[in-house]
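Just below is one structure, and these are the notes that go with it.
The values are calculated or read from the model by the stated rules, or taken from the named source; none is laboratory data. Nothing here was measured: the structure is a model prediction, and the numbers come from that model. Neighbour counts are summed over all protein chains in view; Cβ atoms, including those assigned to glycine, are modelled from backbone coordinates with ideal geometry. To get the accessible areas, we keep the full protein, side chains included, count just its heavy atoms, and leave off ligands, DNA and RNA. Shrake-Rupley method; radii C 1.70, N 1.55, O 1.52, S 1.80 Å.
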Amino acid sequence: MLEKQKKPIRVCHLTSVHPYQDTRIYVKECSTLVGAGYETHLVANDAPNEVIEEIHLHSVPKIKQNRLLRMTKTVWHVYQQALAIQADIYHFHDPELIPLGLLLLNQGKKVIYDIHEDVPRDILSKYWIPKIWRRMISWPVEKLENFAAKRFTAIVAATPFICDRFLKLGCFAVNVNNYPLLDELSLTNTSWEQKEAVVCYVGSITETRGIFEMIEAIGKTDNCLLLGGKFAYPDQQKKAVSMTGWANVKELGWLGRKEVAQTLAKSMAGLVLLHPTVSLLDSLPVKMFEYMCAGIPVIASNFPLWKKIIESNQCGICVDPQNPQAIATAIQWVINHPHEAKQMGDNARQAIIETYNWEQESKVLLKLYKDISEQILTGL
């Protein structure tokens, strides 16, 4: 907790991509900073221009149709809002805001870059970028990111893999994993006996996140897939609904946090079947830990890092994410073995309580902010 001052440290989070209620940015990081006594501002798409839960929200127009306009015009709006707020610490969340961060840094501001994904590797699997262009775009993006990262006050990395990458460059980097809040998704008034013969997937819906394999797999069973989220690409949605297995899918659309909790409470397992692309093999998808937080088994891709977490905690089943039959077999096993599945879910919940929770991660974030605040107060 910051000592009481006449003027609290003013911090400002910036995003041109994420909605203002983004779980990592708003629910976890901004709320944590408010609780520690910081005057906290957030600039984001379509945010209401008001104070909610002591977070000062500032809106910029949302441009959906044109990525180039978003990466220029929206970024400019974010910069204008940032200047108007005159914060002591700026904390931005999107690689397209790197030039903005450098401008703020040159004005003597403390600037934190929060890196959610390994951006250069992520570009290599971007569906909307023609394959012929991906490597040509990835290389200069990595050079720019590396150049800027060495100059920013700090890097906040969402996974140990990303953190190590920037530590090797000589950056000041800390790892703040995107683990769930302990009490957000665990509904204590539901029992295992109340669950339905369903499994769920909640998140962004794309080919590389396994949507086609999930649909084919659920079609090989007599069970139902609760599908929460939005399709990222219309052509992939069209293909999905034309598949035979779609008859076993209940499409829920975008879900708020309360609806996510209710969906997980109904389900006997959660699916996280990302494809083995170079950017995802070392990722730590928040949905995997949210399933665990809700006390349900995880049916996950058999990546070495994920297998280590799931098998060491005996909280799920790892399968080849591109093998629909293996996925179907895992789903059916969970449905047919409720006692064992419940034990896996209990193990998952215990792992969250002991290790994989935001309450632990927030201590790293607050230590970083405390150190930077002391630099500001002492004029360093």
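How much length is gained if the chain between Gln107 and Ser242 is pulled fully straight, taking 0.36 nm per residue apart and subtracting their Cα-Cα distance, in nm to one decimal? Walk me through the numbers on the way to the answer.
Working: separation 135, 0.36 × 135 = 48.60 nm, distance 5.40 nm.
Using 0.36 nm per residue and subtracting the Cα-Cα distance, I get 43.2 nm.
Roughly how big is segment 106-242's charge dipole about its Cα centre, with Cβ charges of +1 (Lys, Arg) and -1 (Asp, Glu), in debye to the nearest 20?
It comes to approximately 900 debye.
Summing -39500 (n - 2.57) over the DSSP H runs of n ≥ 4 in the chain and dividing by its residue number, what mean residue ellipticity at 222 nm do you reach, to the nearest 500 deg cm²/dmol?
-12000 deg cm²/dmol
Taking the Cα centre of the chain as origin and charging only Cβ (+1 Lys, Arg; -1 Asp, Glu), how large is the dipole, in debye to the nearest 20?
Dipole about the Cα centre, nearest 20: 1060 debye.
Take every Cα pair under 8 Å in segment 97-211 that's 6+ residues apart, average their separations, divide by the length, and report that relative contact order as a whole percent.
Worked out over segment 97-211, it gives 21 percent.
With label points built 7 Å along Cα→Cβ from the Cα atoms of Leu124 and Gln350, find their separation and express it in nm.
3.9 nm
What are the semi-axes of the equivalent ellipsoid of segment 248-326, taken as the square roots of 5 times the eigenvalues of the Cα gyration tensor, listed largest first and rounded to whole Å?
Semi-axes, largest first: 21, 15, 13 Å.
Please work out the ratio of the alpha-carbon Rg of segment 287-354 to 2.2 N^0.38 Å and round it to two decimals.
In units of the 2.2 N^0.38 Å rule of thumb, it is 1.02.
Of all the Cα-Cα pairs you can form in segment 231-380, what percent are over 28 Å apart?
When all Cα pairs of segment 231-380 are counted, 30 percent exceed 28 Å.
Could you give the size of the charge dipole of segment 1-147 about its Cα centre, using +1 on the Cβ of each K and R and -1 on the Cβ of each D and E, expressed in debye and rounded to the nearest 20?
Dipole of segment 1-147, to the nearest 20 debye: 500 debye.
As a test question: what accessible area, to the nearest 10 Å², does Phe172 have when a 1.4 Å probe is rolled over all protein chains in place?
110 Å²
In nm², what is the average projected area of the convex hull enclosing the Cα atoms of segment 207-284?
Mean shadow area of the hull around the Cα atoms is 5.8 nm².
If you take every residue apart from Thr23 with its C-beta less than 11 Å away from the C-beta of Thr23, what net charge results, scoring Lys and Arg +1 and Asp and Glu -1?
Counting the neighbours of Thr23, the net charge comes to 0.
Per residue and in Å³, how big is the convex hull formed by the alpha-carbon atoms of segment 148-241?
Roughly 162 Å³ of hull volume per residue.
Would you please give the FRET efficiency between Val51 and Asp371, computed as 1/(1 + (r/R0)^6) with r the Cβ-Cβ distance and R0 = 25 Å, to the nearest 0.05?
0.40
Once the piece of chain linking Ala232 and Gln332 is laid out straight, how much longer is it, given 0.36 nm per residue of separation minus the C-alpha distance between them?
Details: separation 100, 0.36 × 100 = 36.00 nm, distance 2.82 nm.
Extra length from Ala232 to Gln332 when fully extended: 33.2 nm.
I'm checking a number: the convex hull volume of the Cα atoms of segment 127-186, normalised per residue, in Å³. What is it? Please list the in-between numbers first.
Values: hull volume 7.8 nm³, N = 60.
Cα-based convex hull of segment 127-186, divided per residue, equals 130 Å³.
Of Pro48, Leu102, Tyr90, which is farthest on the positive side of the dipole of segment 31-141, counting Cα position, with +1 on Lys and Arg Cβ, -1 on Asp and Glu Cβ, and the Cα centre as origin?
Farthest towards the positive end: Leu102.
Please compare each pair in Lys239/Lys308; Lys126/Lys370; Lys73/Lys126; Lys195/Lys367 to a cut-off of 30 Å on the Cα-Cα distance and tell me which ones are over it.
Listed pairs above 30 Å: Lys239/Lys308; Lys126/Lys370; Lys195/Lys367.
Once fully extended, how much extra length lies between Asp222 and Glu196, figured as 0.36 nm per residue of separation less the alpha-carbon to alpha-carbon distance?
Values: separation 26, 0.36 × 26 = 9.36 nm, distance 1.23 nm.
Stretched out fully, the Asp222 to Glu196 stretch lengthens by 8.1 nm.
Taking segment 186-257, which GluC sites (Glu not before Pro) meet the DSSP loop condition and have no more than 14 other C-beta atoms within 10 Å? Walk me through the intermediate numbers first.
Numbers: sites: Glu193, Glu196, Glu207, Glu213, Glu216, Glu251; in loops: Glu196, Glu207.
Hits after loop and neighbour filter: Glu196.
What share of all Cα pairs of the chain, in percent, falls into each consecutive 20 Å distance bin?
Whole-percent P(r) values from 0 Å outward: 27, 57, 16, 0.
From the phi of every residue in segment 230-235, what ³J(HN,Hα) in whole Hz does the Karplus formula 6.51 cos²θ - 1.76 cosθ + 1.60 yield, where θ is phi - 60° and glycine or proline is x?
Couplings: 10, 5, 6, 10, x, 5 Hz.
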